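Read-outs: derived from the displayed coordinates by stated rules, not from any lab. Keep in mind that what you see is a predicted model, and the values were worked out from it rather than measured. Glycine gets a Cβ as well: all are built from the backbone with ideal geometry, and neighbour counts include every protein chain shown.
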Amino acid sequence: MRAFFIECSGEHWLGVGKALASRGWRPVLWTADAETQKLVSSVFLDCTVLVGVDEARNAGPAVAAALPLDGPLLRALAADEVVGLAMMDRMDRTPSVLSHDTRRRHWHALLRRWNGILNALAPDIVVFSIAPHAVYDYALYALCKHRGIETRMFERSALPGLVHVIQRFEDGSPQIRLMLERDDLPISARGQQHLAGLRAGGGGALPENYRKKLAERKLLRGNGGQMRSGLLRIIGLEIRRTAYLLRNPRPPQNYMLRGDAAGRLVAPGLFGWLAARWRGQWRKLGLARLHRRLAQEVDLREPFVLLALHFQPERAVVPMAGIFCDQLLIADMIARNLPSGWRLVVKEHPWQLVPFGRGELGRQPGFYREIAEMPNTMLAPLNADTQELLRNARAVVTVTGSVGWQAIACGIPALVFGAAWYRDADGVHGIDDLDSCRAALARIANGDVPAVGAAERMIAALEQVAVPGVLEPSLEAADHLDLRSAVAAMADALAASARLTTPHGLTAS
C-alpha cells in the first residue's frame, strides 16, 4: 500500500513508518523537519522526503509536473480556500505583507504542485500526524478529499499520552460515538483524577501542555494562574534573542514569507526575522493598550454567555473551526441571538498578547473594536479570572477549546463551533447555522444542562478507543509515556483503521 506521511517529524514517527512498512505499507513520500528528513532518507531509500517548512513556502525541489487548476476543482475547493488563506496568517511577518492577492496566488501554487504530486505518486492513503495546519498540508488534504483518497490522522485529547485515529478531523471519531451508546463503560482512576482537577479549578483545570509552557517561561503562579510579563522583561527577552542570533547567524526555521523585487515569495532572512520580532512586540503592547481601553468589568450577577477566544494563529481554530475560522463570526452570531437580558462576555486567550508567542499575527485593532461594538457584548479585562467567569456563565462558547470541556465537567452547557474531540458529549451543542444557534440558546435559557456523569461517559468512551501515543514530544506533557510502546500502539492503530480494497482505495475497517 502506497502511503504519504505528512508533517511526521521525530524518531518516533520513523518508528511508526518502519512498523507499518513491515505490514506492507510503502512510504513513497514523507514530509518532516530537516533532521527527520535525513533519518527517513537513510531508511526508505526510494521514498521522496521533503522538508515541511520548504513546502509551506512552496520552495521544495521538483517532484512532479504541476497541474493546471480548472473550474470544477476550484469550485469544489472554495470553502477550503477560505481556510487556507486564513491559515497563512502564520506566514505573514508583519502582518500586512501577504495581501489577499498574494495569499490566493500562493494557495493556487500549492494546489498545482500537490495535484501533480498526487498524480505522479498515486498514494493509496495519506497519513497526517495531526489535523493539517501548515498550509501546504491543508492544500494536500483538500485535494485528497476531492479525489477520494483516504486520509488518516491522530487527534489529541484531554489526557496526555493518549491519541486516537480519525479519517477526517471534521467528522470526529465514529468509534467514540459507538462507545457512548454503551451503558457499561468503566472510567479509569486517571480519568477520574483528571475530571476532579477540572472541577477544582486553578492549575488542575489547565491543559497539561499549557501548564508546562507557562512553567518553562516562569509565568505559572502557585494557584495555577498566569503571571503577566512586564515591559522590562519583554525588552530583555528580545535583546537576549537578538544577541544570540547575531552570534549564530541563522534565522530559526519558520513559515514566514516576504515578496522580493520580482514578486516571488521568499524567506525574510535573519534581519527580516529579527525586525519582525521587535515590531511584533511593539504591536502586542499597542493591542493590549487598546484592549484595556475597550474592556469592561463583568457583573457576575447578570446572566451572560462566555466566549473564550482561542489563541491564533493555531490549529485549534484554523482549520478546526472550518468556515468559522474568523472568531468574529462566532461572536456576532451569539450576540445577535441571545435571550432577552443576557450578555455575551468575550475573554481573550491568556497567551495571545504575551511576548513569547506570535499572537500579533492573529489580531488586528479592528478585531477588538468590532467585538466592543457588537450588541449585548462586552470585552472582559485581560486579567479577568477565566475560572470565575466560567463558573458564573449560563453557557460557554468555544471552537475546540479545553474551556468547553471544563464547562461540561462542571455541568455547564457548551456551544461548540469546531471539531472538538469532546463534541459528542452530552451537553455539547454543535453549532453550524443560525437555526442550531437559536435552538441551543433557547434550550439553555429553559434550563438545559449536561446530564449528570456526562464528562465521565466521554472520558470512558475515549479511553476505550484511544491508544498510547505522542505527536510532538517537545510540546506535549506526556513524560510518563514509554516511547517504544507508543510507537507500536500508534502503528497498530493506523494499521487497524483501514484495509486495502482496490489498487487505489481503502475502506474503513
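Descriptive notes on the structure:
- Each of 348, 155, 81 has some number of other Cβ atoms within 10 Å of its Cβ, and from fewest to most they run 81, 155, 348.
- Electrostatic dipole magnitude of the stretch 1-115 [Cβ: Lys, Arg +1; Asp, Glu -1; Cα centre; debye, to 20]: 240 debye
- Sorted peptide list for 57-64, 425-432, criterion being average Cβ within 10 angstrom, highest first: 425-432, 57-64
- For the chain, averaging the sequence separation of C-alpha pairs within contact (under 8 Å, six or more residues apart) and dividing by the residue count gives a relative contact order of 18 percent.
- Multiplying the residue separation of residue 329 and residue 177 by 0.36 nm and subtracting their alpha-carbon distance yields 51.9 nm.
- When the charge dipole of the chain is built from unit charges on Cβ atoms (+1 for Lys and Arg, -1 for Asp and Glu) and taken about the Cα centre, the candidate among 317, 414, 1 whose Cα reaches farthest toward its positive end is 317.
- Net charge contributed by nearby residues that have their C-beta within less than 11 Å of residue 102 (K/R +1, D/E -1): +3
- Charge sum, other residues only, whose C-beta stays under 11 Å from residue 39's C-beta, Lys/Arg counted +1 and Asp/Glu -1: -1
- Here is how the number arises for the chain: DSSP H runs of 4 or more residues each give -39500 (n - 2.57), the sum is divided by the residue count, and the result at 222 nm is -13000 deg cm²/dmol.
- Excluding same-chain neighbours fewer than eight residues apart, the aspartates and glutamates reachable from residue 347 by a Cα-Cα span under 20 Å are 297, 299, 302, 314, 326, 332, 360, 370, 373, 385, 388.
- When the Cα positions of 447, 331, 274 are compared along the charge dipole of the stretch 189-458, 274 comes out farthest toward the positive end, with charges on each C-beta of Lys, Arg, Asp and Glu.
- Scanning residues 5 or more positions from residue 343 or on other chains, those with amide H under 5 Å from its amide H are 304, 305, with H placed 1.01 Å from N in the peptide plane.
- Each Lys and Arg contributes +1 and each Asp and Glu -1, all at the Cβ; summed about the Cα centre of the chain, the dipole is approximately 1640 debye.
- Residues 325, 410 arranged by fewest to most Cβ contacts within 10 Å: 410, 325
- The tail of the calculated P(r) for the stretch 189-458, taken as Cα-Cα distances beyond 23 Å, holds 56 percent of the pairs.
- Virtual spin-label span in nm between residue 356 and residue 289, 7 Å along Cα→Cβ: 2.6 nm
- Among 470, 401, 349 the positive-end extreme of the charge dipole of the chain (Cβ point charges): 349
- Residue-count net charge about residue 17 - beta-carbon cut-off 12 Å; Lys, Arg +1, Asp, Glu -1: +2
- With neighbours defined as other Cβ atoms within 10 Å of a residue's Cβ, the residues 157, 340, 229 order from fewest to most as 340, 229, 157.
- The relative contact order of the stretch 189-458 comes to 18 percent, based on Cα pairs under 8 Å that sit 6 or more residues apart.
- Computed Kirkwood radius, in angstrom, where 1/r is averaged over Cα pairs of the chain: 24.0 Å
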